[in-house]
1. Within the group Arg23, Arg59, Arg67, which residue is modelled with pLDDT of 90 or more and in contact with a helix residue (DSSP H, G or I) (Cβ under 6 Å, 6 or more places away or on another chain)?
2. Pick out the one residue from Pro16, Pro49 that is in contact (Cβ under 8 Å) with a residue 40 or more places away in the chain and outside any strand (DSSP E or B).
3. Test Ile46 against the criterion of being within 18 Å of the chain's Cα centre (by Cα), at negative phi and among the β-branched types (Val, Ile, Thr), and give yes or no.
4. Regarding region 91-102, can at least one residue be identified that is surrounded by 12 or more Cβ atoms within 10 Å (Cβ to Cβ), under 20 Å from Ala13 (Cβ atoms) and in contact with a strand residue (DSSP E or B) (Cβ under 7 Å, 6 or more places away or on another chain)?
5. Among the residues that make up region 75-90, is at least one of them hydroxyl-bearing (Ser, Thr, Tyr), within 30 Å of Thr4 (Cβ to Cβ), under 14 Å from the mean Cα position of the chain (by Cα) and assigned to a helix (DSSP H, G or I)?
6. For the list (1) touching a residue at least 24 places away in the same chain (Cβ under 8 Å); (2) under 28 Å from Glu7 (Cα atoms); (3) of a type in the set (S, T, N, Q), I need the number of the one condition that Thr36 fails.
7. Given the conditions (1) surrounded by fewer than 15 Cβ atoms within 10 Å (Cβ to Cβ); (2) modelled with pLDDT under 95, report the number of the one that Ala50 does not fulfil.
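The values are calculated or read from the model by the stated rules, or taken from the named source; none is laboratory data. All values reported here derive from a predicted model rather than from experimental measurement. Note that each Cβ is placed from the backbone with ideal geometry, even for glycine, and that neighbours are counted across all protein chains shown.
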Amino acid sequence: MAITIEEANHLDAWLPALADPTRRRILEMLGESPRTASEIHQAFAIAAPAVSRHLRVLREAGLVVERSVPGDKRVRLYGLASEPIDELCRWLEGLSRSWQGQLDAFKDYVALRQESGRS
C-alpha cells in the first residue's frame, strides 16, 4: 500500500499531534460538537495556556479549524477539520485491509500444510 508524498507529509504532521492523550481527547470532544477554548479548558485539569498550546498544535497539523463567533471577536470556536480525519481513516483502512490479507494468506498456508501433512 503505497502513499503519495503529499499523504506522507500529512501523516508526518498528524501522527505527532495525535500522540498526546490530551490532544486526542480534545479531538473526541470536537467530534461531538464545536467548542470554545474555555469549554475545552473546563474538561481538563490543566492551565488555560496549556490548552491553547494543544489547540495550536492541532491547528498547525490541520486537524482542527478555528472560527470567530459572530458578535464576539474575542471568542474563538474550534471544530474538527473533516478532510484530514477522512484521509487518516482511509489510510488506516488500507493498512487494515493489507493486514487482513496477510492473515488470510497465513490461514490458507496453515490449512494447506495441515492437509499435506495428513495425506
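1. Arg23
2. Exactly one of Pro16, Pro49 is in contact (Cβ under 8 Å) with a residue 40 or more places away in the chain and outside any strand (DSSP E or B), namely Pro16.
3. no
4. Within region 91-102, not a single residue is surrounded by 12 or more Cβ atoms within 10 Å (Cβ to Cβ), under 20 Å from Ala13 (Cβ atoms) and in contact with a strand residue (DSSP E or B) (Cβ under 7 Å, 6 or more places away or on another chain).
5. Step one: of region 75-90, the residues hydroxyl-bearing (Ser, Thr, Tyr) are 78, 82.
So of that shortlist, the ones also within 30 Å of Thr4 (Cβ to Cβ) come out as 78, 82.
Pick out the ones that are also under 14 Å from the mean Cα position of the chain (by Cα) and you get 82.
Filter once more, so that each one left must be assigned to a helix (DSSP H, G or I): 82.
Yes, because at least one residue in region 75-90 is hydroxyl-bearing (Ser, Thr, Tyr), within 30 Å of Thr4 (Cβ to Cβ), under 14 Å from the mean Cα position of the chain (by Cα) and assigned to a helix (DSSP H, G or I).
6. Exception for Thr36: condition (2).
7. Every listed condition holds for Ala50 apart from (2).
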